[in-house]
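Participant: Before I ask anything, here is the structure I am working with.
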Amino acid sequence: MDITDEQWEVVRKLLPKEEFETKRRGRPWVDPKAVLCGILWILRTGVPWKDLPERYPPYQTCHRRFQRWSREGLFFKILKVLAEDLCSRGRIDLSETYIDGTFSGAKKGALELVRQSAAKGPRSWQLRTAMVYLSPSGLKALVRMKSVSLKRP
């Protein structure tokens with residue numbers, strides 16, 4: 001899942017300057033935008049890190065940065081900024097959210113059915129961006145944003 005250039009400009013301000021330094025010893029760092037897109041793809045699809053497509057940086061790089069950004073609280077800030085961007089453009093509405101506590105058993109092989117239906121056609125970038133918020137990290141960002149938005153007049 002690739003973020004738009006407008007979204008990247010907002011996210012870029014959150015990243016430390018060391019992410020963009022080119023004068024350092026050792027192997028040069030991979031572009032942080034490509035790493036973020038790889039992380040978001042993993043969170044949206046739910047596949048193992050080793051199955052990250054080749055169009056993204058190596059999965060080890062994406063996983064290592066995801067762990068570091070999560071530990072530092074930076075990834076939460078990134079998700080919050082992306083969610084605020086979607087809200088400002090009217091692509092996501094936090095006033096009508098709920099949690100369904102029902103339970104339903106899944107049949108064996110259900111994931112294969114989901115993969116087939118997902119292959120029918122490309123989805124819009126808005127839906128792909130919103131799907132990221134179904135991950136555990138994304139849900140935390142939305143819950144905190146909703147509680148803040150309810151306090152406003």
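The values are calculated or read from the model by the stated rules, or taken from the named source; none is laboratory data. What you are looking at is a predicted structure, and each value in this text was computed from that prediction instead of being measured. Methodologically, a virtual Cβ is constructed for each residue, glycine included, from the backbone with ideal geometry; neighbour enumeration extends over all protein chains shown.
Participant: Out of everything in segment 34-84 that is among the aromatic types (Phe, Trp, Tyr) and either touching a His at 6+ places or on another chain (Cβ under 6 Å) or outside any helix (DSSP H, G or I) (or both), what residue ends up being surrounded by the fewest Cβ atoms within 10 Å (Cβ to Cβ)?
Facilitator: Applying the first criterion (among the aromatic types (Phe, Trp, Tyr)) to segment 34-84 yields 41, 49, 56, 59, 66, 69, 75-76.
Next, only the ones that are either touching a His at 6+ places or on another chain (Cβ under 6 Å) or outside any helix (DSSP H, G or I) (or both) stay: 49, 56.
Details: Trp49: 14, Tyr56: 21.
Result: Trp49.
Participant: Which one of these is farther than 23 Å from Pro136 by Cα and either at pLDDT below 90 or within 15 Å of the chain's Cα centre (by Cα) (or both): Phe20, Phe76, Phe66?
Facilitator: On the way: Phe76 fails: farther than 23 Å from Pro136 by Cα; Phe66 fails: farther than 23 Å from Pro136 by Cα.
Sole residue among the options that is farther than 23 Å from Pro136 by Cα and either at pLDDT below 90 or within 15 Å of the chain's Cα centre (by Cα) (or both): Phe20.
Participant: Check Ser88 against each of (1) within 13 Å of Ser137 (Cβ to Cβ); (2) loosely packed, with under 11 Cβ neighbours inside 10 Å; (3) of a type in the set (Ser, Thr, Tyr) and name the one condition it does not meet.
Facilitator: Checking Ser88 against (1) within 13 Å of Ser137 (Cβ to Cβ); (2) loosely packed, with under 11 Cβ neighbours inside 10 Å; (3) of a type in the set (Ser, Thr, Tyr), the one that fails is (1).
Participant: On to the next question. Any idea which of Ser124, Ser117, Ser137, Ser104 is modelled with pLDDT under 85 and buried (at least 17 other Cβ atoms within 10 Å of the Cβ)? Reasoning before the result, please.
Facilitator: Values: Ser124 fails: buried (at least 17 other Cβ atoms within 10 Å of the Cβ); Ser117 fails: buried (at least 17 other Cβ atoms within 10 Å of the Cβ); Ser104 fails: buried (at least 17 other Cβ atoms within 10 Å of the Cβ).
After applying the criteria, what remains is Ser137.
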